[in-house]
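Let me begin by presenting the structure, written as structure tokens, before commenting on it.
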Amino acid sequence: MPTRREFLWSTGALLGPALTPARAAQPAVASTDAGRLRRRLERLSQFGRPAGGSFADGVSRVAYSDADVAARAWLLDELRGAGLSSRIDAAGNIFARLGGRASAPPILFGSHIDSVPSGGNFDGDLGTLAALEVLETVRASGVATRHPLEMVVWAHEESTAFGRGTACSRIVAGDLKAGDLDQEWNGLRRRDALRRIGGDPDRIDTAVAAPGAWHAYLELHIEQGGTLDAAGVPIGVVQGIVAIHRYDVTIDGVANHAGTTPMDIRQDALVAASQLVLAVRRVAGAREGRQVGTVGRLDVQPNSPNVVPGRVTLSVEFRDLSLQVLDGLGEAVRAEGAAIARDTRTTITLRLASTNPPAPAHAGVMAAIQASAAQRALTARVLPSGAGHDAQMIAALCPMGMIFVPSVGGVSHSPRELTRWDDCARGADTLLDTVLALDRRDSI
Ligand code: HGY
Ligand code: MN
Ligand code: MN
């Protein structure tokens, strides 16, 4: 039974007249169902779990994999079981909508369920299943919202597949270039990958949304860093999401016999790559600030112990809230590459393969998140996101906000990724309250 405070809150009485035009009191929408959220998170973690493993062994549910396809099918069943009708857009994103007036733009909220290889059980999963919790909780409460409430499961958020992330929310935001769907990865063309998850590459333009398509976009996500956990703060209010510049690098040397090629005439692509990896760390660490640089993928050819490597391909990515900083890092790594190429007599090519724009959160959405946390007497802290998210794509279309909950020890993209169950529940409740608060506003 909701407390008096919760009942007053749910009718907006606590927010004061400015935000809540007088209207008949609504039934209470107290809290999401923490047990049901946990059970679903545990069930979802089984799709892509290592054979013979347990929850603690994390998940490999890379976009378009059998595990991803199976998890999506399970989730569609859960939506059906919750009495929600869903649709898959041409980009493979799953949507489910509840109530609201047809004339009002929906409030959109959700996340992703694809993972990195050997990833964790909370990255994306929490925001997705919390969004389902919000729909089910509002539906069960009988509250009639003014705006339709729409949850979304973004396809292909992680950059493992095709080397590009936030790939399908990117399409919704209108970022799709000629030839993108003909890209190949692991023997799979992107257009065929979209078909694997119910997308329709031949009608891909129907997935593009116009600015103003939604009233606001909210995403609940684990912090993936250690700020909240170290401070003992349960709710993070994201002020902005970092920009990401990702380069595809090709280094060409000369493959040769490991036993008969004298050291002084070798043109060893892996020696050059090794120097470039250290140069990325040097360049990223050479100035004050939160910028980061990573080489996460490296392929050696022909990758045989008795052959001097002839070619190496690798990824280089830089992240920062400032595009100016990222441009500076790009110039610095190109200069380093040119010097290494001369020194090793190899050819080094850096191609800027994908960019994520920096995305400031909307002040009005941030304020609504802060008010929701305060209503539940939860301490909240404003912080940037060092991780990329679909939210940074959708920020181009409507007011965006993100709610973070603590990652234990700041670990993520690892089986050791962990968020406490009560923090999951607090995040889901804050998402619920914020959605209802935004629903009471004609504009944000
Ligand atoms: O790569 C990222 O920052 C996100 O976790 N996909
Ligand atoms: Mn991730
Ligand atoms: Mn994520």
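The values are calculated or read from the model by the stated rules, or taken from the named source; none is laboratory data. From a predicted model like this one, the values you see are computed outputs, not experimental measurements. Backbone-built Cβ (ideal geometry, glycine too); neighbour counts: all protein chains shown. The protein model used for the area step is the full one, side chains on, heavy atoms only, and it has no ligands, DNA or RNA in it. Shrake-Rupley method; radii C 1.70, N 1.55, O 1.52, S 1.80 Å.
The table for this structure:
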item	result
Filter pass, G110 being surrounded by fewer than 22 Cβ atoms within 10 Å (Cβ to Cβ) and more than 20 Å from A193 (Cβ to Cβ)	no
Residue that is surrounded by the most Cβ atoms within 10 Å (Cβ to Cβ), among those in region 118-176 that are among the acidic types (D, E) and more than 16 Å from ligand 3 (Cβ to nearest atom)	E133
Number of the condition not met by L135 [criteria: (1) within 23 Å of the chain's Cα centre (by Cα); (2) outside any helix (DSSP H, G or I)]	(2)
From A361, A332, A395, residue being more than 16 Å from ligand 2 (Cβ to nearest atom), more than 27 Å from S115 (Cα to Cα) and hydrophobic (A, V, I, L, M, F, W, C)	A332
Region 372-398 - residue that is within 16 Å of ligand 3 (Cβ to nearest atom) and among the polar types (S, T, N, Q) and, of those, nearest to the chain's Cα centre (by Cα)	Q392
Residue among A284, A279, A332 that is aliphatic (A, V, I, L, M), surrounded by 15 or more Cβ atoms within 10 Å (Cβ to Cβ) and in contact with a strand residue (DSSP E or B) (Cβ under 8 Å, 6 or more places away or on another chain)	A284
Near pairs, Cβ below 9 angstrom, 6+ apart or cross-chain, from region 99-127 (more than 10 Å from ligand 2 (Cβ to nearest atom)) to any residue that is open to solvent by 10 Å² or more (accessible area, probe 1.4 Å) and of a type in the set (V, I, T)	G99/V143; G99/T145; G100/T145; R101/T145; A104/T145; I107/T145; P117/V62; P117/T160
Check on R139, in contact with a helix residue (DSSP H, G or I) (Cβ under 9 Å, 6 or more places away or on another chain), of a type in the set (K, R), more than 19 Å from M400 (Cα to Cα) and modelled with pLDDT of 95 or more	no
Region 262-285 residues that are of a type outside the set (G, A, S), paired with ones that are assigned to a helix (DSSP H, G or I) and at pLDDT below 95 (beta carbon under 6 Å, 6 or more apart)	none
Strands (runs of 3 or more DSSP E) within region 218-319 that include 2 or more residues aliphatic (A, V, I, L, M) and under 24 Å from E417 (Cα atoms)	235-241, 243-252
Which listed residue, of G53, G81, is without any contact (Cβ under 8 Å) to a residue 24 or more places away in the chain and open to solvent by 50 Å² or more (accessible area, probe 1.4 Å)	G81
Verdict on L194 being more than 24 Å from S443 (Cα to Cα), open to solvent by less than 10 Å² (accessible area, probe 1.4 Å), assigned by TED's automatic domain parsing to the domain that holds Q392 and more than 16 Å from ligand 3 (Cβ to nearest atom)	yes
Every residue from region 335-352 that is hydrophobic (A, V, I, L, M, F, W, C), open to solvent by 50 Å² or more (accessible area, probe 1.4 Å) and part of a strand (DSSP E or B)	L352
